[in-house]
Amino acid sequence: AEAAQPATNEPEEPETLDVEGKWTIRLENAEISLNPLNLIQNGESIMGSGTFNEGGSKLQVTATGTASRDTMSLHVWTVVSEYGNKIDKSVDLDLVQVDRTVSGSYELYSGEELLGSGNATASRAAA
């Protein structure tokens, strides 16, 4: 009979990228930034809120997403209200940490329509 593997050979839980805090995310070629974007993390789950800056306009946004060992995926959308903001925009972000830099790609939508995509760079405010 084969010997049972000792339990110590269980794979260790991979570390999850720590993304909690205040971020600035710039969408290149779109003149748009998410600044500040405040993220709260619970394990692999991310939630947050912040400000979507385009030209001179500032819109409130909500964010949800997931983090893994060295990546962060976020869906960020503007808060539309009956008597307030009517601009329905959203951003899908796929970011990767390499050394001390977090960057990746974005897709920008207006409603269901893809407005543009490109590179995104993220930086976290010092605690």
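The values are calculated or read from the model by the stated rules, or taken from the named source; none is laboratory data. These numbers come from a predicted model, not from an experiment. Protein only, heavy atoms only, side chains kept; ligands, DNA and RNA dropped before computing areas. Shrake-Rupley method; radii C 1.70, N 1.55, O 1.52, S 1.80 Å.
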Share of carbon and sulfur in the accessible heavy-atom surface of the chain [1.4 Å probe, %]
48
Gaussian network model of the chain, Cα springs within a sub-10 Å range: biggest mean-square fluctuation belongs to which of T64, T101, T78?
T101
Answer with a single label: of (i) 70, 32, 29; (ii) 52, 26, 24; (iii) 45, 42, 21, which was calculated as Cα extents along the principal axes in Å from the structure in view?
(i)
Using Cα springs under 10 Å in a Gaussian network model of the chain, which residue among S117, S57, S45 shows the largest mean-square fluctuation?
S57
